[in-house]
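The values are calculated or read from the model by the stated rules, or taken from the named source; none is laboratory data. These numbers come from a predicted model, not from an experiment. Counting neighbours? That spans all protein chains shown, and the Cβs are built from the backbone with ideal geometry, glycine included.
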Amino acid sequence: MRLKKVISFLRWRIKQVRYATKWLYWLIGKNRPTTSESLKVLDIDKFNKLGDFGYVEVKNNFISDISFERLPSKLSQNDGKAVIDVYDYFLDETNILVSEILSDVNVSSLVNNYFDHKPWLWNVSVSYTVPKTEGIDFPLDSQMWHFDYGDKTQLHLMYYLSDIDEECGPLTFVDAIKSSKIKRHYSVIERVNDNDLKKFHDIDPISDSIKLTGDRGSLFVVDPGRLLHQGARCQRPRMVLFVSITSRFPMSKPNHLIGKNKRLNLKGAYKESESSVYNDNFFL
């Protein structure tokens, strides 16, 4: 058990391992193509806000009936984890929804230009967050303040599958301008509690933070690598679709790797949407 924890720490918390992984991906797949469609930015104000502050909301008309009410009644926290990926319960519906989001020109133009016309679909998950229960101490892991290290450039497309208010543990973050002033550890991926955030970084976790609350159907685009953030501290359940984008050579494998079959299923649903936004290399 101790060895397993050490290996997990090295894999997920040491930055040099992340950089080495990115180099390895480049070495193995440097000749593999990715999408290279050049799209015009449709809303320059939103694109500038994403670039300056690291987040933006995108108005949309996507509709999905995926909800935690349809999950098994006995589903609960696994091994004390704050978040459970329930993608497998909604396979077809999730693939269709992801394809619709990626096919939308307002979304795709933001993503495409943020990655210099070469985005890569890194991961898809449907995150179900369970309220605090007895015997589980909060905050845990991603509930503490941190930066993500999925890649040097990365985006989360967050589509809300339930109404999310402050009691549902919304993504809470310090905007990219303030976050850029935080001195990061040279080696370890930090996890910071509220007291240390104030003590060592002079950032008030309440007054200096932004909470991404929103109604069911809201869509946000955020860069978790630039935003010091925490989430999932909830008193009531929440469910969010995460579509994560990186470069073709990310710094780590996703927790639930998009394997060949999942990519083929996504690709099939994407083609059925008759989209010409990206070429098929996006789903290789």
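Among all positions in region 81-88, there is at least one residue which is in contact with a Phe, Trp or Tyr (Cβ under 9 Å, 6 or more places away or on another chain), part of a strand (DSSP E or B), farther than 21 Å from LYS118 by Cβ and aliphatic (A, V, I, L, M). Return yes when SER109 is among the small types (Gly, Ala, Ser) and assigned to a helix (DSSP H, G or I) and no when it is not. So SER109 fits the description; yes. For region 204-245, the set of residues classified as surrounded by fewer than 21 Cβ atoms within 10 Å (Cβ to Cβ) and among the β-branched types (Val, Ile, Thr) consists of ILE206, ILE210, THR213, listed by residue number.
Looking at LEU284, LEU227, can you tell me which residue is among the hydrophobic types (A, V, I, L, M, F, W, C) and at pLDDT below 95?
Working: LEU227 fails: at pLDDT below 95.
Unique residue meeting the criteria: LEU284.
In the set (1) touching an Asp or Glu at 6+ places or on another chain (Cβ under 8 Å); (2) more than 18 Å from PHE242 (Cβ to Cβ); (3) touching a residue at least 24 places away in the same chain (Cβ under 8 Å), the condition left unmet by LYS198 is number (3).
Exactly one residue among LEU71, LEU91 is farther than 26 Å from ASP52 by Cβ, in contact with a strand residue (DSSP E or B) (Cβ under 9 Å, 6 or more places away or on another chain) and modelled with pLDDT of 85 or more, and that residue is LEU71. When region 42-65 is filtered for residues that are loosely packed, with under 15 Cβ neighbours inside 10 Å and β-branched (Val, Ile, Thr), the ones remaining, listed by number, are ILE44, ILE63. For ASP194, the conditions (1) within 30 Å of VAL98 (Cβ to Cβ); (2) in contact with a Pro (Cβ under 7 Å, 6 or more places away or on another chain); (3) acidic (Asp, Glu) are fulfilled apart from (1).
Just a yes or no: is a residue in region 176-190 under 19 Å from VAL83 (Cα atoms) and in contact (Cβ under 8 Å) with a residue 60 or more places away in the chain? Break it down into steps so the answer makes sense when it comes.
Quick first cut of region 176-190, residues under 19 Å from VAL83 (Cα atoms) only: none.
Looking through region 176-190, none of the residues is under 19 Å from VAL83 (Cα atoms) and in contact (Cβ under 8 Å) with a residue 60 or more places away in the chain.
Say we look at region 112-135 and pick out the residues that are surrounded by fewer than 20 Cβ atoms within 10 Å (Cβ to Cβ) and assigned to a helix (DSSP H, G or I); which of these is farthest from the chain's Cα centre (by Cα)? Looking at residues that are surrounded by fewer than 20 Cβ atoms within 10 Å (Cβ to Cβ) and assigned to a helix (DSSP H, G or I), I get ASN113.
On the basis of being among the hydroxyl-bearing types (Ser, Thr, Tyr), touching a residue at least 24 places away in the same chain (Cβ under 8 Å), surrounded by 15 or more Cβ atoms within 10 Å (Cβ to Cβ) and touching an Asp or Glu at 6+ places or on another chain (Cβ under 8 Å), does TYR25 make the cut? So TYR25 fails the test.
Condition check ((1) touching a Pro at 6+ places or on another chain (Cβ under 8 Å); (2) of a type in the set (Phe, Trp, Tyr); (3) at pLDDT 90 or above) across all residues:
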| residue | (1), (2), (3) |
| --- | --- |
| GLY217 | no, no, yes |
| ASP223 | no, no, yes |
| VAL243 | no, no, yes |
| TYR270 | no, yes, no |
| GLU274 | no, no, no |
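In the set (1) surrounded by fewer than 15 Cβ atoms within 10 Å (Cβ to Cβ); (2) among the hydrophobic types (A, V, I, L, M, F, W, C); (3) assigned to a loop (DSSP other than H, G, I, E, B), the condition left unmet by LEU264 is number (3).
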